[in-house]
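First comes the structure, then the notes that go with it.
The values are calculated or read from the model by the stated rules, or taken from the named source; none is laboratory data. Computed from a predicted structure; not experimentally measured. Cβ coordinates were reconstructed from backbone atoms using ideal geometry, including for glycine residues, and neighbour counts include every protein chain displayed. Areas reflect the complete protein model, heavy atoms only, side chains present, ligands, DNA and RNA absent. Shrake-Rupley method; radii C 1.70, N 1.55, O 1.52, S 1.80 Å.
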Amino acid sequence: MLTRVKSAVAGFMGGIMTGGGSGGGGGSSGSDLPLKFPYMRPEFLGLSPDEIECSADHVARPILILKETRRLPWATGYAEVINAGKSPLNEDQACCEVVVARRRPMSYCPPSTPSKTPTAKRRNSLPNGEVSTNREGLVFHYWALFDGHAGSGAAVVASRLLQHHIACQLQAVIEILRNLNALPPTVMGEEPDNSPYLQGNAPGPHRALTRAASLRGAAGAPSSPSATPPPPRFYMEKKVQHESLVIGAVENAFKEMDAQIEREKQVYNITGGCTALTVVYLLGKLYVGNAGDSRAIIIRNNEIIPMSTEFTPESERQRLQFLGYMQPHLLGNEFTHLEFPRRVQRKEVGKRMLYRDFTMSGWAYKIIEDDDLKFPLIYGEGKKARVLATIGVTRGLGDHDLKVHDSNIYIKPFLSCCPEVRVYNLMQYEHGADDVLVMGTDGLWDVLSNEEVAEAVATFLSNCDPDDLHRYTMAAQDLVMRARGVLRDRGWRITNERLGSGDDISVFIIPLMYGNRVP
């Protein structure tokens with residue numbers, strides 16, 4: 001086992017090794033299958049095949065930006081650069097669209113098949129994002145970054161389809177979301193119960209028997225000996241807000257996207273996996289969904305508001321350890337769910353050593369046993385931390401065939417496709433021209449802190465004409481340039497001779513003031 005782990009770590013590039021068995025992501029088993037979608041750079045860049053080929057220069061690393069003749073909704077800025085050689089292609093993908101979730105019966109949108117049954121339509125938008133209300137459904141703005149690993153297949157597929165899954169999920173609740181004056185019903189299609197014990201209204205005629213009344217033995221219930229409703233025995237039903245339906249739609253869309261990738265890997269060559277960071281603007285609010293180690297922050301009046309959390313082996317240690325504890329067969333009798341400060345040596349069996357498990361945030365001592373000699377489920381620190389000695393992120397899409405090197409231990413059970421969704425109410429603030437949301441893949445954040453990014457963006461925008469719609473693209477280009485650095489004798493270097501990012505870098509800069517103008 002130790003030899004296999006050393007082999008995996010020695011050949012490790014970018015945090016990923018595909019499984020050694022058949023069906024490995026990006027392995028030979030899928031090479032004879034057709035691609036779901038051809039590899040390309042984001043469609044909104046409008047690059048020709050020759051331009052795409054020239055952009056894949058790992059030495060020059062040209063920064064790609066939106067052409068001056070093109071515009072994205074809200075005058076969004078975008079820039080990207082390829083890695084310094086860790087993979088042949090730029091495995092980041094991006095998407096920016098205005099989408100319509102149409103009012104149709106649910107049968108119109110079968111689960112997991114948006115590519116065959118399009119329910120979302122791309123629409124042109126004015127630079128300030130002012131889109132007329134669509135009578136057929138809900139209009140939402142959508143931005144997304146996908147950071148691929150072990151191949152670009154999953155990132156390419158997700159960049160084409162995830163927005164359609166979100167539209168499909170929203171389609172089921174269009175009428176509820178349109179009626180913001182009434183809370184979402186507990187049972188779809190049912191009218192709210194008029195019982196004064198549920199609503200606090202004055203007594204009045206209501207149904208002889210309702211589900212809530214039956215639970216309480218109220219008037220009309222067969223077990224009630226009196227016509228006078230007794231005091232309620234239970235609390236009122238939980239009040240669910242409209243934004244929770246949007247959060248649920250985003251969460252379910254991620255799960256449906258992951259399920260589609262798993263299913264279609266049987267007929268298409270979809271390599272690897274990807275992290276996913278999405279932003280949905282709907283009904284005055286931004287919904288930021290993150291599964292992986294990309295990041296989004298809001299810069300408002302020189303204040304930094306984090307809008308995502310990175311999911312890494314360290315940040316999700318307790319979840320992963322609990323899974324390994326509850327289902328030890330997933331560890332293949334070769335890993336231990338316990339964490340130690342370093343590898344345990346055989347000579348230390350019987351001694352007391354620091355450890356921690358899924359119940360602990362601190363450390364304690366335990367007597368070392370033979371089982372503790374197994375390789376730790378989580379090993380390493382910071383960017384070098386790995387799950388099962390293989391992968392450095394714990395949430396994302398794809399990776400269904402990923403295995404521990406030269407073994408039959410699947411890693412997917414430890415990876416979650418479920419995003420964390422945070423909400424920002426744009427209508428609560430009046431935003432200025434320099435108030436923005438910055439989205440970036442980990443290639444940006446590996447070398448620049450939130451504070452450095454905020455200072456760079458604020459400084460650049462303050463020196464631009466506020467009426468220049470191209471200013472946000474130029475700010476994104478400046479940010480990518482700062483993270484990439486310049487090529488010197490000792491590699492790519494940034495400020496203070498620190499190492500620059502050798503990873504793919506993709507950045508959106510979204511001005512928030514246009515959100516205040518959308519009707």
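Using the Cα centre of region 258-357 as the reference point, and only Cβ charges (+1 on K/R, -1 on D/E), how large is the resulting charge dipole? Debye, rounded to the nearest 20. Can you show the working numbers first?
On the way: 14 positive and 12 negative charges, 95 e Å.
Roughly 460 debye, rounded to the nearest 20.
So which trypsin sites (Lys or Arg not before Pro) in region 451-519 end up in coil per DSSP with only 14 or fewer other C-beta atoms within 10 Å?
Qualifying residues, ordered by number: 490, 498.
What is the local net charge at residue 288, summed over the other residues whose Cβ is closer than 9 Å to its Cβ (Lys, Arg +1; Asp, Glu -1)? Please report the intermediate quantities before stating the final value.
On the way: positive: 422; negative: 420.
Counting the neighbours of residue 288, the net charge comes to 0.
Carbon and sulfur atoms: what percent of the 1.4 Å accessible area of region 316-392 do they account for? Display every interim value, and only then the final one.
Details: 2180 of 4240 Å².
Summing carbon and sulfur atoms, their accessible area is 51 percent of the total for region 316-392.
7 Å from Cα along Cα→Cβ at both residue 493 and residue 346: what's the point-to-point distance in nm?
4.7 nm
Could you work out the local net charge near residue 255, counting Lys and Arg as +1, Asp and Glu as -1, over the other residues with Cβ closer than 13 Å to its Cβ?
Values: positive: 263, 395; negative: 251, 256, 258, 262.
Around residue 255, the surrounding residues sum to -2.
Pulled fully out, how much extra length does the chain show between residue 37 and residue 517, if you take 0.36 nm times their separation in residues and subtract their Cα-Cα distance?
Details: separation 480, 0.36 × 480 = 172.80 nm, distance 3.56 nm.
Extra length available between residue 37 and residue 517 comes to 169.2 nm.
Quick one: which of 250-256, 303-309 comes out on top by average Cβ neighbours within 10 Å, and what's the full order, highest first? Walk me through the numbers before you get to the answer.
Working: 250-256: 21.3, 303-309: 15.9.
Highest mean packing first, the order is 250-256, 303-309.
Just add up the charged neighbours of residue 302: K/R +1, D/E -1, any other residue whose Cβ is under 13 Å from the Cβ of residue 302. Please report the intermediate quantities before stating the final value.
Working: positive: 300; negative: 303, 434, 435, 451, 455.
So the environment of residue 302 carries a net charge of -4.
Return the Rg/Rh value of region 316-392, two decimal places, where both radii are evaluated on C-alpha atoms and Rh is the Kirkwood radius.
Details: Rg = 11.8 Å, Rh = 12.6 Å.
In region 316-392, Rg relative to Rh is 0.93.
Give me the distance in nm between label points sitting 7 Å out from Cα along the Cα-to-Cβ direction at residue 67 and residue 361, one decimal.
Distance between label points: 5.2 nm.
For the pair residue 322 and residue 174, how long in nm is the line joining their label points, each one 7 Å along Cα→Cβ?
So the two model labels end up 3.8 nm from each other.
What is the set of long-range amide H partners of residue 304 at a cut-off below 5 Å, with H atoms built 1.01 Å from backbone N?
Counting only residues 5 or more places away or on other chains, the set is empty.
Placing unit charges on C-beta atoms (Lys and Arg positive, Asp and Glu negative, everything else neutral), compute the dipole magnitude of region 316-392 about its Cα centre in debye, rounded to 20. All intermediate terms of the calculation are to be shown ahead of the outcome.
Values: 14 positive and 10 negative charges, 67 e Å.
Once rounded to the nearest 20, the dipole reads 320 debye.
Calculate, for residue 266 and residue 464, the FRET efficiency according to 1/(1 + (r/R0)^6) with r their C-beta to C-beta distance and R0 56 Å; round to the nearest 0.05.
Details: r = 50 Å, r/R0 = 0.89.
Rounded to the nearest 0.05, the efficiency is 0.65.
Given the Cα-Cα distance of residue 183 and residue 381 and 0.36 nm per residue of separation, how much length would full extension add, in nm? Walk me through the numbers before you get to the answer.
Working: separation 198, 0.36 × 198 = 71.28 nm, distance 4.57 nm.
Difference between extended and current length: 66.7 nm.
Using the structure shown, select from 374/412; 255/403; 265/403; 347/383; 351/412; 374/403 the pairs with a Cα to Cα distance greater than 26 angstrom.
Values: 374/412 20 Å; 255/403 21 Å; 265/403 16 Å; 347/383 30 Å; 351/412 34 Å; 374/403 17 Å.
Where the Cα-Cα span goes over 26 Å, the pairs concerned are 347/383; 351/412.
Could you order peptides 377-385, 70-78 by the average number of other Cβ atoms within 10 Å of their residues, highest first? Please report the intermediate quantities before stating the final value.
On the way: 377-385: 16.3, 70-78: 23.8.
Ranked from most to least packed, the peptides come out as 70-78, 377-385.
Just to confirm the filter: which GluC sites (Glu not before Pro) across region 416-519 are DSSP coil and have at most 15 other Cβ within 10 angstrom of their Cβ? Walk me through the numbers on the way to the answer.
Values: sites: 420, 430, 451, 452, 455, 497; in loops: 430.
Hits after loop and neighbour filter: 430.
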